[in-house]
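Worksheet: one structure, shown below.
Derivation of every value follows stated rules applied to the coordinates shown; laboratory data play no part. These numbers were taken from a predicted model, which means no experiment stands behind them. Using ideal geometry, Cβ is built from the backbone for each residue, glycine included, and neighbour counts are taken over all protein chains shown.
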Amino acid sequence: MSTFAPQPFNEARLHEFVMKAVGEMGAAMNAALIVIGDKLGLYKAMAGAGPMSSAELAAKTRTDERYVREWLAAQAAGGFITYDAPTRKYTLPPEQALALAEENSPVFLPGFFHIVSACMKDEGKITEAFTTGKGVGWHEHDQCLFAGTERFFRPNYRAHLISEWIPALGNTEAKLKADASVADVGCGLGTSTILMAQAYPKSTFVGTDYHDGSIQMAREAAKKAGVADRVKFEVAKAKDYPGNGFQLVAFFDCLHDMGDPEGAARHVHETLAPDGAWMIVEPFANDNLEDNLNPVGRVYYAASTMLCTPASKSQEVGLALGAQAGEGRLKKILQSAGFTRVRRAAETPFNIVLEARA
Ligand SMILES: C[S@@+](CC[C@H](N)C(=O)[O-])C[C@H]1O[C@@H](n2cnc3c(N)ncnc32)[C@H](O)[C@@H]1O
C-alpha cells in the first residue's frame, strides 16, 4: 500500500526520468565491470590491438571466453568499445584506450572505480553512520580505497604538480631547485611526495599521514622510485607532524577530510619557515551549492557523503567541511589560523590550488 497521497504527474517527464535512471543503472553496474577489466588487463589487451573477437581477447588475457563475451557486450552497449556485427569483433577506440588502458595518461580513470568499489563494500557502515551521526575514519574503509585513490589522483598530479602548481607559488620553485625542506601532509601513498622528490633532487621531503597502512605503502613506493634517501614517510596527524622551518608544506586533497582543519592550519603556521608557502590542493568547488550542481560537483558530493564527511566526523572537532567547501569557506579557516595572505594560485576543472602565507 502506498504511504503517500497520489499526486498528479506528467507522464512524459516520468518517462524521461525513468530512462535517465536506467542509464544510471547501467553505469552503476558497469563500475564493477570496469574494475574487472582493469584487474584482468582486458582494456590494456585491447588498446592498439585493432578489432578483436571475444576468443582472441580471452586467449590474450588467459580468461574464460564466455565471461569475456558477456563483458564485451556490456562494454559495447555502454559505448566503452565499438562492435562490428558482420565480423563479430570489438575495438577499443584510441580515446577510450587513453582513459581506460594507459596508466600514464592524464585522463586515466579506472582508479576511481576502485574507489566506487570501496564505497559499495562499506555502504553498510555509512548507512549506520547516518543514523548515529558518528564518523567512519579513512582507515576503516576497504583496502581497495587506498590504491584506488592513489591511481585516480596520480595522473592529475603528474600532469599539473611540477609543471603548473609549484611554479605558481611565487619563489617556491627556485627554493626547491636549490635546497629546501618540504612536508607533504595527509600524503596517503606518497605519490605527490615522490613526484616532487624526483623533480627537485637537491631538496628533502617528509610525507606524513595518520593512516599507518598508507605510510607503509608510501615507504615501499619511495624505495621502488629510488628516492628513499631523500624522502621520509612518518605516521603522524596533521596537527602534530614532526619538524619545522619548512619552505613548503603541501596538503593534497586532505584538508577537508580532517576533523579539525583549523587546528591543522595552526600547526602548519608553526612549522613553516617565515617566508614559506603552504599549498592546499582541494577539489574544485564554487562557494554556493547551486553552482556545484553539475557532473563534477555530483561526483564530489557523492564521494564526500561516503568518504570525506564520515572521515572528518570520526576525528576531534568533526567540522565536516565536505569536499565542496569552496574557496570562501577554506579561506576563512586559513585566516583564523593566522594566514594573512591567501590566494588561488591555480585551478583545473577538478582542483583549486590555494597558496597561504603567514
Ligand atoms: C583523499 S586522501 C588523499 C591522499 C593523498 N594526499 C593523495 O592526494 O593521494 C586523504 C588522506 O588524508 C589522510 N588524513 C585524514 N585525516 C588526517 C589527519 N587528521 N592527519 C593526517 N592525515 C589525515 C587520510 O589518511 C588520507 O590518506
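Counting only lysines at least 8 places from Lys177 when in the same chain, those with an alpha carbon closer than 27 Å to its own are Lys202, Lys223, Lys224, Lys232. Eigen-decomposition of the gyration tensor built on the alpha-carbon atoms of the stretch 93-189 gives equivalent ellipsoid semi-axes of 32, 22, 10 angstrom, largest listed first. Over the chain, DSSP H runs of length four or greater, each weighted -39,500 (n - 2.57), average out per residue to a 222 nm ellipticity of -14000 deg cm²/dmol. Within the straight-line cut-off of under 16 Å between alpha carbons, the lysines reachable from Lys134 are Lys125, Lys313, sequence neighbours fewer than 8 places apart in one chain being disregarded. A simple packing score, the average count of other Cβ atoms within 10 Å per residue, orders the peptides 93-106, 278-291 as 278-291, 93-106, with the highest score first.
Report the local net charge at Val342: Lys and Arg +1, Asp and Glu -1, summed over other residues whose C-beta lies under 10 Å from its C-beta. Net charge around Val342: +4. Across all C-alpha atoms in the chain, the radius of gyration and Dmax reach 22.6, 73 Å.
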